[in-house]
Structures are given as structure tokens and as C-alpha cells.
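Reviewing the structure listed below.
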Amino acid sequence: MNHLPPVERFVSSSGVDIYRLPLVLFPNNFSGHAFVLDGAGPLTLVDTGSGMGRSNDDLLAGFRQIGERFGKSIKLGDIKRVILTHGHIDHFGGLAFVKSQTDAAVGIHELDRRVLTNYEERVVVATKALGIFFDRAGIPPSQRDALFSMYGFAKKHVTSIDVDFSPADEQIIDGMEFIHTPGHCPGQVCIRLGDVLLSADHVLSRTTPHQSPESITHYMGLDHYADSLRKLLRFDGIRLALGSHEDAIHDLYGRIHAIRASHNRKLDRIRKIMRDHDSPMTTSQISARMYPDVEGYHILLAIEEAGAHVEYLYQHGHLAIANLREFEAEPNPAIYYQLND
């Protein structure tokens, strides 16, 4: 059983009390955080958890701990506004539960708005795009059904839900500055509160956030992510960053440089894999060599991660399509890449 850390309180230079509520998001003990903001306009909840397993119970337990640890009586029903940092299910899957407890207004960036308002459509479109990616990545037919099952396992308990507003890039609402940071998700936003940044899944303390090719979803991909990292470097004076997973970050700018270096190492690793193989390779073959020991759902994540980096190298002219005539003639064949430098 996952024993969660206690709720913590952080205070921004602008006088906002930020309560970080730990949650188990998926049954495999994958954990993260929701945040309660007290002092930034109406009482605000940032992200809702997944709504799966014990996530809703953990959310309620977090509200109880605010009173027990800090003497501040706040209940879920007191929330007047919900802001979703992005349209991934571990951040918005609990929204229906939250809405059943409160009449809070819901906000999410416009590029992720349809994930909530037209959820069923979004699943169909994304699944179709994923299938095309699998074809081009050279995923063998025997593996496809298992990967599709992994992709859809957490998506069946969610239905469409209304959105009330969409914060724009660098818009300030009640002292919250929204910074649009696409790459990990099209509509992801970081939220600046004085000298504290809620960095969502854009910057995490230990891991490099998962990347997926833009060929599957627009405004994702390594190019957008790298641009968004550079964008955050323009915002000076951030003392503390609180990611939606893992630990607090006390050197945001150093962490950004470390993440950029990590992705450069992955790009170099792909080049080395292809040089050592000495013949054209599919994305699936590259992924198997980059991540030989992954199992279960991580197989899907590995293929997407490798795909994002292969896509970046191709877009920047470092790779070429070796089987171009086949790609031209066939509906959607596997693409074999070769080094172009």
C-alpha cells in the first residue's frame, strides 16, 4: 500500500497559501498532487486527480489534513473554481466527482478544452492517430492490440463535461499568471503566483516529462517542449517550483537546463544506435534498443518517447526516409530511417 506524505503548505511572495495535496492517481501507485490556492481570488483547486482507485478518497483526505495540520477549515464543497493544468486523465479524471460536490467554475486552456467538452470525440480521434503512428513506427501486428488496450485502460470512466473559461497565455487572473507551455500536452499551463510556480508536468524534479510525437497530437512533440522550456527561462525571480508529481524544485532554472541536456543525450543515443546498427531502422526497432527492459504500459510510453525524438531528428534534417518509394506507393507502410549526417 502506498503511504502518502502529508499535505504541505507553501506561501508565495504574493501572499497566497498553496496547499499541496498528495494523491495516488493510478492503481500501480503512481502518485501526484492537487493544489488548493487560498488568497488568489475565489478558493481554487488546481487539478482533481484521476478519479480512479483511491484518488477521490485521497483528495478528500487532503482537505481534512488542511484543517488538522494548519487549522484552516476548508472542505471540497468550499471550492469555487477548478483550474486544470492540462488535459491528461491523471489531472482531470476526478473532475466529475469534484463537480458533484461543488458548483465551481472550471477552466482549462483552449487547446485542451475539447478534451473535456468533447471527450468521446477526442478519444476516437487520438486512437485513430495512434494507429497511424503504430503503422509508421513498424509496430508488429501481434503487439498492436496490447498497446491499444494499454492506451485505453484509464479512459473509460470519463465522459464529457462543460468548461466555463479558458485562460490565455500570460493572462493574469486574481494574481495568477498563466504561462502556456505546450509539448507534454497541447494546452498545458504553468501558473505563477509571485515567486512560486506551479510547473504542472512541464518541469519535474527527478524525471524528464514524457514526450509523444506531434504526428499523434498537434502542439506536442520535442520542438514545442523545448520552446516551452526556453520560454520559462524568461520568467526570472521564481524561488520555488511545485510540479504535479515528485518533489519541490528549489532551482527551477538549473532543472530546466538539466532536462534539456537529458533530451540531447537521448538524441545522441539514437544516432549511436543507428550508427551501430548500420542499416535503416524503424521507430519500433530504435525504441527496443533504447528501452530494452520496459514492461506493461511502459512499452507504450517508450515507443512514444522514441517516436518524439525520431520525429525531432527527422524534422531537423538529421534523418532521411530510406524506403521513400515504398512510402509513396503504399497507404501507410512502416518508415525506415537512415542517418543523414
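The values are calculated or read from the model by the stated rules, or taken from the named source; none is laboratory data. Please read all numbers here as calculations on a predicted model, not as lab measurements. Counting neighbours? That spans all protein chains shown, and the Cβs are built from the backbone with ideal geometry, glycine included.
Per-structure values
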| quantity | calculated |
| --- | --- |
| Qualifying residue in the stretch 64-76 (condition: closer than 14 Å to residue 244 by Cα, at pLDDT 95 or above and crowded, with 16+ Cβ neighbours inside 10 Å) | no |
| Lone qualifier among 70, 97, 30, 35 - being closer than 23 Å to residue 301 by Cβ and aromatic (Phe, Trp, Tyr) | 30 |
| Contacts under 9 angstrom Cβ, first residue in the stretch 254-276 being without any contact (Cβ under 8 Å) to a residue 40 or more places away in the chain, partner among the aliphatic types (A, V, I, L, M) and in a helix (DSSP H, G or I), 6 or more apart | 257/229; 257/233; 260/226; 260/229; 269/290; 273/286; 273/290 |
| All positions within the stretch 295-341 that are among the small types (Gly, Ala, Ser), in contact with a strand residue (DSSP E or B) (Cβ under 8 Å, 6 or more places away or on another chain) and surrounded by fewer than 22 Cβ atoms within 10 Å (Cβ to Cβ) | 320, 322 |
| Residue pairs meeting the criteria (Cβ under 6 Å; at least 6 apart or on separate chains; first in the same structural domain as residue 191 (by TED's automatic domain parsing) and farther than 18 Å from residue 210 by Cα, in the stretch 230-249; second of a type in the set (S, T, N, Q) and surrounded by 20 or more Cβ atoms within 10 Å (Cβ to Cβ)) | 241/199 |
| Selection count, the stretch 4-35, where residues are in contact with a Gly (Cβ under 8 Å, 6 or more places away or on another chain), among the β-branched types (Val, Ile, Thr) and either buried (at least 24 other Cβ atoms within 10 Å of the Cβ) or in contact (Cβ under 8 Å) with a residue 60 or more places away in the chain (or both) | 2 |
| Selection count where residues are at pLDDT 95 or above and under 15 Å from residue 140 (Cα atoms), scope the stretch 283-301 | 6 |
| Elements of type helices (runs of 4 or more DSSP H) contained in the stretch 266-341, each with 2 or more residues being within 22 Å of residue 209 (Cβ to Cβ) | 283-290, 297-315 |
| Filtered residues of the stretch 85-143 (kept if among the small types (Gly, Ala, Ser) and either out of contact with any Leu (no Cβ under 9 Å at 6 or more places or on another chain) or at pLDDT below 95 (or both)) | 96, 100, 105, 126, 129, 131, 137, 138, 142 |
| Residues satisfying the stated conditions in the stretch 227-244, i.e. out of contact with any His (no Cβ under 7 Å at 6 or more places or on another chain) and either in a strand (DSSP E or B) or not charged (D, E, K, R) (or both) | 229, 232, 233, 235, 237, 238, 241, 242, 243 |
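Let's see how each residue does on (1) closer than 30 Å to residue 320 by Cβ; (2) touching a residue at least 60 places away in the same chain (Cβ under 8 Å); (3) outside the structural domain of residue 307 (by TED's automatic domain parsing):
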{"position": "131", "(1), (2), (3)": "yes, no, no"}
{"position": "141", "(1), (2), (3)": "yes, no, no"}
{"position": "144", "(1), (2), (3)": "yes, no, no"}
{"position": "147", "(1), (2), (3)": "yes, yes, no"}
{"position": "174", "(1), (2), (3)": "no, yes, yes"}
{"position": "191", "(1), (2), (3)": "no, yes, yes"}
{"position": "202", "(1), (2), (3)": "no, no, yes"}
{"position": "207", "(1), (2), (3)": "no, no, yes"}
